[in-house]
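Report on one structure; see the data block that follows.
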Amino acid sequence: MTGDDRLIIALDLPDTDKAQHIIDRIGDAGRFYKIGYQLMPVGGLDLARRLSGEGKKIFLDFKFHDIGATVERGVKSVCKLGGDFLTVHAEPDVLKGAVAGRGDDTRLKILAVTVLTSLDAAALKKSGVDIALPDLVLRRAEFAAEAGADGVVASAQEAAAIKARFGDALAIVTPGVRPAGAAANDQKRIVTPAAAVKAGADYLVVGRPIVNADDPAAAAAAIAVEITGA
């Protein structure tokens, strides 16, 4: 894969007009887009269908979390959108339902969310989670592999351990990526694009450093070059 195939641009924007404006400015420098909670209820699903029809790849960051039967039905519906990646929480029943709902759809890949990159050990402890953060990520990656999911969403700080344990059996999608000098914003476990790739990340999710750039196309292209050269 080339660098721009591995770069997922997060369209975390308040409406589809603003999202389309950014997409137009990025042009051919963007091949893979993430649509999440912010856009989903305000036209994001129609945008996903349209972008898919135009040949773009789509990451549906919906983080499904419910009883397995409900997740199964939801994923069956998601298959109609023409997406490439779909996130669900890394719990056995959730994962089982998601894989069943995906069925024989060869395009949609199920990704298990391990630990959000906005969380650190202190935040987990406050929520009553006593297991060490790296161990928790690996345990949840094991749930994903056992359920037949296609990959995980994990920080680059845990990517090397996941690769060592699972090899290419699980794709690793890494958010919280920031080019050198960019603001961390609400992320806690961040890395540069090159560091993420060297750690074992297969795909990188980057939002604000691209969509807020003066030249989004140039920003996306620069990150793609960094991915390729890592």
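Odds and ends about this structure:
- Set 96/163; 34/125; 126/198; 18/109; 18/57 screened for pairs whose C-alpha atoms are more than 24 Å apart: 34/125; 126/198; 18/109
- FRET efficiency, 1/(1 + (r/R0)^6) with R0 25 Å, evaluated for residue 40 and residue 212 via beta carbons: 0.75
- Segment residue 1..residue 105, full-extension length gain: 35.3 nm, with 0.36 nm per residue of separation and the alpha-carbon distance subtracted.
- Förster-model FRET efficiency, 25 Å R0, residue 49 and residue 70, C-beta, rounded to 0.05: 0.65
- At R0 = 41 Å, FRET efficiency that the Cβ-Cβ distance of residue 123 and residue 225 yields, to 0.05: 0.75
- 3J(HN,Hα) along segment 30-37: x, 10, 9, 10, 9, 10, x, 4 Hz, from the Karplus curve 6.51 cos²θ - 1.76 cosθ + 1.60 with θ = phi - 60°, whole Hz, x for Gly and Pro.
- Where trypsin sites (Lys or Arg not before Pro) fall in DSSP loop in segment 55-162, at most 16 other Cβ within 10 Å: 107
- Extension reserve of the residue 79-residue 198 stretch, reckoned as 0.36 nm per residue once the Cα distance is removed: 39.6 nm
- Only the Cβ atoms of Lys and Arg (+1) and of Asp and Glu (-1) were treated as charged; on that basis the dipole of segment 1-57 about its Cα centre amounts to roughly 160 debye.
- Placing +1 on the Cβ of every Lys and Arg and -1 on the Cβ of every Asp and Glu, with no other charges, gives segment 3-229 a dipole of roughly 160 debye about its Cα centre.
- Residue among 129, 179, 7 farthest towards the positive dipole end of the chain, charges placed on Cβ: 129
Rule-based calculations on the coordinates, nothing more; no lab input. Because the structure is predicted, anything quoted here is derived from the model rather than measured. Virtual Cβ from ideal backbone geometry, glycine too; neighbours counted across all protein chains shown.
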